[in-house]
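*Asks:* I'd like to ask you about the structure that follows.
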Amino acid sequence: MSRPVKSGPVSVRAHWFVLIAVLFALGVALAVQGYMHHLAGIGDDSVPSSTSAGSVPDAVSGGGPVVDSRGGAVRTVTPPDHTLALTFDDGPDPAWTPQILDVLRKHHVRATFFVVGSAAIDNPDLMRRIIADGHEIGVHTLTHTDLGTAPSWRRDLEVQGAQEAIAGITGHATSLLRPPYSSGNDAINDSTWSAMRTSADEGYITVLSTVDSEDWRRPGATAIEQNLALSGPQGQVLLMHDGGGDREQTVAALDSALSRFAGQGYRVTSVGDAIGIDSMREASAPEQMTGTAFVRGIQLSDFVVTAISWGLVAAGLVTLVRAFLVVGFAARHSRATRRLQTLSRGRRRMDVPVRPEITEPVSVIVPAYNEAVGIEAAVRSIVASTHPVEIIVVDDGSTDGTAGIVEALGLPGVTVIRKENGGKPSALNAGLDAASHDLVVMVDGDTVFEPDTVRALIQPFADPRVGAISGNTKVANRGGILGAWQHIEYVVGFNLDRRLFDVAECMPTVPGAIGAFRREALLRVGGVSDDTLAEDTDLTMSLCRDGWRVVYQDDARAWTEAPATLGALWRQRYRWCYGTLQAMWKHRGAVVQRGAAGKLGRRGLGYLLVLQVLLPLFAPVVDVFAVYGLIFLDPLRIAALWLVFLVVQMLMATYAFRLDKERLGPLWTLPLQQFVYRQLMYLVVIQSVVTALAGVHLGWHRMERYGSLRVPPAAEGQA
């Protein structure tokens, strides 16, 4: 394989730091989202079973529902007689809080809303309406977490986070706190009391309840109203809910209860008003700035996760559509090929004229740069072809004796051209200048042909519209898991796609390992260009834009060496991907052209952009989101989704292997491909895209040779 004379490879490292930073930021956003919405949650508000309460002072367990232990001294307060402090937990809720506010306005009643920080951030307008309507706000933690069982760091985060949410949205700070899952004073246990004392050190007054409507059970509006029935003049703290579930019964019961309380002479008001304190104040400028930043950060994380969720849906749909498309087009291509073969045989038996078989000799050009390890096998395999060929080996300044090895073989019909190193395109053009025939086959120096490969490859030239033909490249060194992965990729990824491109008339690449061309077509596009590192893709796109049909011949097989190490694979795919991006950019004008060029632009380039650029760029996000799902969502559902896509891939791979008449054994490695090979491929795309955007001129990366190629047995006998 030739090496172009270009600037050496430039090390591009900064983008890896950018990628790591982006993934870290994404991980933080997902962690925040998971914590806020999935690690805890608003649901059953029943009180946990009580444990030891030995450290709870009698003044608290037997005192009033408003507990103030700030400064170390414990004081409790009960609303005065005929005064009811009305409280609502777990909101705000976009469906039920507005209805409750309407009922309160109807009865000219103020209440205290103990809000959950995550719900407040989701419904900022409701928070502002609560304040505007003259109601009071208290802290009900950030995610409705049981403070009694939470570690100290989480207690601080839950209380302070909710306070920052309130300050950032409303511009106010509150001194009232109600721990989730709390009830009356007699239900306080040691862990809850510890949390209450910690909160008191931060300036909070804990508000419990004396009358629980138990509306969280949803027993019916009548039952809720009965739970709120009072038997004496004592002041009470009433517990109801405006969030955490369906509160239709709460709304109905509240309206009736407020009418009854008014008739009984009770004054219904907020906690602060009931006990004579001003529980809310204007937040200081630093508090508002911190709160606003906190809220904006949570909202940003929500937006990111929502965008990613839609992106995942789109990526999943594209992947499924691609699977159905390639299988459908491959089936159509296979049926057309079989129909043509059957028709051809039938016409011959019936002595009916058919499209003539291509028998004219072919010039085979082999560009070679330091191919001493495999050049003999490559040349011998081509010499053994059942079709007449001339072989032109162009030694592009090799330093390992490649040309001498070929000359020493003394094989008939083989010509060796020695030239200074000028790059693979220049070597191919030198071979084209020396070629004697109108049909030209180009093959890499690390590839061997089967005896019938050339004959099978050139048969589509019977159609005068065909200017180039892609053969079927096979991995020769497919042993080991890395070889098996590349074998699968060649059979499933490359060959299925080529069948689709053939039917859709938008073939973007005739691979350097095996391709046939009309000499006329090559000369019309100016030969092989050195504008890109993917000269085969660039050439194919040029032919398509010139109006030539490019087709795929699946029974023309060539065997090539694949990289045997991850490092070698990286270098090879980096060059391929970077060169393909160069070719796509060079031929971007095809998108707005008509005819064959338009098919390449809108179909071929569009397919490459979505499937080989955008999806791989999005792939790291998919992996990070999968980890997020396993931690914060339902692991079984995530595993089921992964299994569904794996099954789709397995079915597609099985079909592709059947089309190529390959054994199914290597497919056992397909699931493992998702954990190493896939990541390597998308990292290659990321580096290539960043390198291209940065305008870095990438040099040629020559692949290491292993000497694994062997001449097919039939070829050895004929050579």
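Values quoted throughout were computed directly from the atomic coordinates according to the rules given, and no laboratory measurement underlies them. Everything quoted here is computed from the prediction, not taken from an experiment. Cβ atoms come from the backbone with ideal geometry, glycine included; neighbour counts cover every protein chain shown.
*Asks:* So if the hydrodynamic radius of the stretch 108-226 is defined as the Kirkwood radius over C-alpha pairs, what does Stokes-Einstein give as its diffusion coefficient at 25 °C and 0.890 mPa s, in µm² per second?
*Replies:* 163
*Asks:* Here's another thing I want to ask about it. Using the charge dipole of the chain (Lys, Arg: +1 at Cβ; Asp, Glu: -1 at Cβ; taken about the Cα centre), state which of Val74, Phe17, Leu230 has its Cα farthest towards the positive end.
*Replies:* Phe17
*Asks:* Another question about this same structure. Looking at the chain, how many pairs of lysines come closer than 18 Å at the Cα, when each pair is eight or more places apart or spans two chains?
*Replies:* Taking the Cα cut-off of 18 Å, the pair count is 4.
*Asks:* Given labels modelled 7 Å from the Cα in the Cβ direction, how far is it in nm from Asp102 to Ser256?
*Replies:* It works out to 1.9 nm between the two label points.
*Asks:* Okay, next question. Residues with beta-carbon under 10 Å from that of Thr560, excluding Thr560: net charge, scoring Lys, Arg +1 and Asp, Glu -1?
*Replies:* It works out to a net charge of -2.
*Asks:* Then there is this: Starting from the exponent 0.38 and prefactor 2.2 Å, build the expected Rg for the stretch 377-484 from its residue count and divide its actual Cα Rg by it.
*Replies:* Its radius of gyration relative to the 2.2 N^0.38 Å reference: 1.16.
*Asks:* On to the next question. How big is D, in µm² s⁻¹, for the stretch 81-283 by Stokes-Einstein at 10 °C and 1.306 mPa s if Rh is the Kirkwood radius over C-alpha pairs?
*Replies:* Reported coefficient: 95 µm²/s.
*Asks:* If you don't mind, there's one more thing I want to ask. May I ask you to order 646-657, 601-612 by the average number of other C-beta atoms within 10 Å around their residues, highest value first?
*Replies:* Highest mean packing first, the order is 601-612, 646-657.
*Asks:* Moving on. Could you put Met681, Met196 in order, starting from the residue whose Cβ has the fewest other Cβ atoms within 10 Å?
*Replies:* Met681, Met196
*Asks:* A further question follows. With N set to the number of residues, divide the alpha-carbon radius of gyration of the stretch 228-301 by 2.2 N^0.38 Å and report two decimals.
*Replies:* Dividing the Cα Rg of the stretch 228-301 by 2.2 N^0.38 Å gives 1.61.
*Asks:* With only alpha-carbon atoms counted, please give the Rg and Dmax of the chain, in Å.
*Replies:* Considering the chain through its Cα atoms, Rg and Dmax are 37.3, 117 Å.
*Asks:* Which is the longest stretch in the chain that no exposed loop site breaks, taking sites as GluC sites (Glu not before Pro) with a DSSP loop state and at most 12 other Cβ atoms within 10 Å?
*Replies:* It runs 1-356.
*Asks:* Once you charge only the Cβ atoms, +1 for Lys and Arg and -1 for Asp and Glu, what is the size of the charge dipole of the stretch 584-696 about its Cα centre, to the nearest 20 debye?
*Replies:* 620
*Asks:* Under the classification rounded if a/c is under 1.5, otherwise prolate if a/b is larger than b/c and oblate if not, where does the stretch 200-266 fall, given a ≥ b ≥ c as square roots of the Cα gyration tensor eigenvalues?
*Replies:* Cα axes put the stretch 200-266 in the oblate bin.
*Asks:* Further question on the same structure: Please get the size of the charge dipole for the chain, origin at its Cα centre, with Cβ charges of +1 on Lys and Arg and -1 on Asp and Glu, quoted in debye to the nearest 20.
*Replies:* 3220
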